[in-house]
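The block underneath contains the structure these notes are about, expressed in structure tokens.
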Amino acid sequence: MPTHMELVLQAAAFAAEKHRNGRRKDAEASPYINHPIQLAYILVQADVEDPVVLAAALLHDTIEDTNTTHDELEIVFGHEIANIVAEVSDDKSLDKLERKQAQVDHAAHISARAKLVKLADKIANVSDIDGAPPAGWSLERKREYYDWAKRVVDQMRGVHPKLEARFDAEYAKRP
């Protein structure tokens, strides 16, 4: 059984390998791995030290955005982490609007650990829209994203007041 630190670093290395060619949608096309690392950092800043949550945060987009499967995550990281990642992964078989609505609909029903990862993801995303927005996004599109992210977060209220307050502070910067 790996130590807590080993588990988190193993997840970081796995995510870095899976996302090695990925780029963010900002004008500079930042390396994608920066995003999962940002989630883990947001969680640690909010006093979340659960290695399962931190590992899941680092892995949160591997099923959704790479060729990683739930089974692969389960073999490498165990059932618990694989399930958290699955809980926060979009169903790519749905069209974009359906996926966005599904996030709102399902946010209240995911596990507490998955809610922590999802909260950190929304914090990171609205922060990025404020500081390094996707190239070509209009003011209206940025506002729509902020409002949609708030609808998702509002379904998870009560799980972690410190993370929720951080989201609210980011939301207050809404363009």
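The values are calculated or read from the model by the stated rules, or taken from the named source; none is laboratory data. These numbers come from a predicted model, not from an experiment. Virtual Cβ from ideal backbone geometry, glycine too; neighbours counted across all protein chains shown.
Worth pointing out:
- Residue 56 vs. criteria assigned to a helix (DSSP H, G or I) and either hydroxyl-bearing (Ser, Thr, Tyr) or within 18 Å of residue 89 (Cβ to Cβ) (or both): yes
- Among the residues of region 39-68, those identified as under 15 Å from residue 111 (Cβ atoms) and over 12 Å from the mean Cα position of the chain (by Cα) are 48, 50, 52.
- Residues in region 161-175 that are over 12 Å from residue 127 (Cβ atoms) and part of a helix (DSSP H, G or I): 161, 162, 163, 164, 165, 168.
- Residues satisfying the criterion are present in region 30-44 (criterion: of a type in the set (Phe, Trp, Tyr) and either under 24 Å from residue 132 (Cα atoms) or surrounded by fewer than 17 Cβ atoms within 10 Å (Cβ to Cβ) (or both)).
- Residue among 102, 107, 82, 56 that alone is of a type in the set (A, V, I, L, M, F, W, C), out of contact with any strand residue (DSSP E or B) (no Cβ under 9 Å at 6 or more places or on another chain) and surrounded by fewer than 20 Cβ atoms within 10 Å (Cβ to Cβ): 102
- In the set (1) farther than 24 Å from residue 9 by Cβ; (2) at pLDDT 95 or above, the condition left unmet by residue 173 is number (2).
- Scanning region 110-134 for residues that are out of contact with any strand residue (DSSP E or B) (no Cβ under 7 Å at 6 or more places or on another chain) and in a loop (DSSP other than H, G, I, E, B), we see that the one that is farthest from residue 47 (Cα to Cα) is 110.
- When each of 72, 17, 64, 6 is tested for being part of a helix (DSSP H, G or I), within 16 Å of residue 114 (Cα to Cα) and among the acidic types (Asp, Glu), the lone residue that passes is 64.
- Residue 90 being surrounded by fewer than 22 Cβ atoms within 10 Å (Cβ to Cβ), at pLDDT below 95 and within 23 Å of residue 17 (Cα to Cα): yes
- Top-ranked residue of region 1-28 - restricted to ones that are within 16 Å of residue 66 (Cβ to Cβ) and small (Gly, Ala, Ser), ranked as surrounded by the fewest Cβ atoms within 10 Å (Cβ to Cβ): 13
- Test result for residue 137, aromatic (Phe, Trp, Tyr) and assigned to a loop (DSSP other than H, G, I, E, B): yes
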